[in-house]
């Protein structure tokens, strides 16, 4: 049985957000979902320009885990852009 997934520390909360290609109805598109951990990783690394070690400490996860999150979200974004898929953020979990 796999270990229960620990959520990293996420600084911002977002409402339900979805980005889609122009001119294509949303109900006909495949969707790619980005988790909040992935969104925080890409915000810290790409938008804020933080080093992976510093960003992983801020999220309270290991540096290799941060690197895997970043790789996964980069692939998801590339898939959505190249293959004309809708890109949506997961809903914030109720605590």
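No lab work stands behind these numbers, since they all come straight from the coordinates. Not measured: the values here are computed from a predicted model. Here the Cβ positions follow ideal geometry from the backbone for every residue, glycine too, while neighbour counts run over all protein chains shown.
Give the residues of segment 38-48 that are under 15 Å from residue 17 (Cα atoms) and buried (at least 20 other Cβ atoms within 10 Å of the Cβ), sorted by residue number. Step through it out loud before you land on a result.
Within segment 38-48, the subset under 15 Å from residue 17 (Cα atoms) is 38-40.
Within segment 38-48, 38, 40 meet the criteria.
Does residue 87 satisfy the condition of being in a helix (DSSP H, G or I), within 16 Å of residue 39 (Cβ to Cβ) and in contact (Cβ under 8 Å) with a residue 12 or more places away in the chain? No, not satisfied.
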